[in-house]
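Inspection log for the structure reproduced underneath, given as structure tokens.
The values are calculated or read from the model by the stated rules, or taken from the named source; none is laboratory data. What you are looking at is a predicted structure, and each value in this text was computed from that prediction instead of being measured. Neighbour counts run over all protein chains shown; Cβ positions are idealised from the backbone, glycine included. Heads up: the accessible areas ignore ligands, DNA and RNA and are worked out on the full protein's heavy atoms, side chains in. Shrake-Rupley method; radii C 1.70, N 1.55, O 1.52, S 1.80 Å.
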Amino acid sequence: MNDEIKMKVPLHIPDYEYIPVVIALGLLAFIPLTLIDHLYRSIWTYLSVVLIMSMILIVVHLRSYYEIIINNNEIIVKKALFKDLKIPVDKIEGISDFNNTLHKYRKPYFLILGLMVLIVAVMNVRDGLESIEKYGFYEATNVPAVFFIPLMFLIILYASYRMSHYPKAIKVKADPGFIDLYPENEEKYLLLKDKLDSLLR
């Protein structure tokens, strides 16, 4: 009998596909495009910067949306943009639980990060408005760019919030790498832990 669990659950894995994409988009947005947009602004350079920055935010946001499938033969992590990660049972080295520090320290963590988002947003918007007032549209900072860092902080804040609901998390050690699962409630935790433990019996 091959009982299968399919679940959308916040998780963390070393992901070597997203990182080069984000770095490449970042270099494209902040070096050539931003420079060109500042020196020779047109509607196309302006929109290109906005598009690339939006793509970075979307990629980072989607990185926190995984679906995990566990059957008797393998663990599959389904990704939104890239190929699935498949871990055969014989590559699993251990299953353990650990205390979710995001849950334990969620109040100070989210208070500090929330204040950082607010401060950065206010400072960036203020600087952007002053730049437009002083230099005009064609010489000022690309307006949507002032929202990039605050939005990035908000995405990180939301991803952390999704991982902070339950005091226990689950680590899957594999060859190579690992998966840290952050179930949102006790029902999901017990279901995942029982199924994962059964793979090593």
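Some points to look at:
- Conditions (1) at pLDDT 90 or above; (2) outside any helix (DSSP H, G or I); (3) open to solvent by 50 Å² or more (accessible area, probe 1.4 Å); (4) over 20 Å from residue 63 (Cα atoms): number failed by residue 165: (4)
- Options 192, 111: the member that is part of a helix (DSSP H, G or I), at pLDDT 90 or above and open to solvent by less than 20 Å² (accessible area, probe 1.4 Å): 192
- Tabulated pairs, the range 1-30, first closer than 23 Å to residue 183 by Cα, second modelled with pLDDT of 75 or more and part of a helix (DSSP H, G or I), C-beta under 6 angstrom, 6+ apart or interchain: 5/195; 10/162
- Scan of the range 168-189 for residues that are open to solvent by 30 Å² or more (accessible area, probe 1.4 Å) and in contact with a helix residue (DSSP H, G or I) (Cβ under 9 Å, 6 or more places away or on another chain), ordered by number: 168, 175, 176, 184
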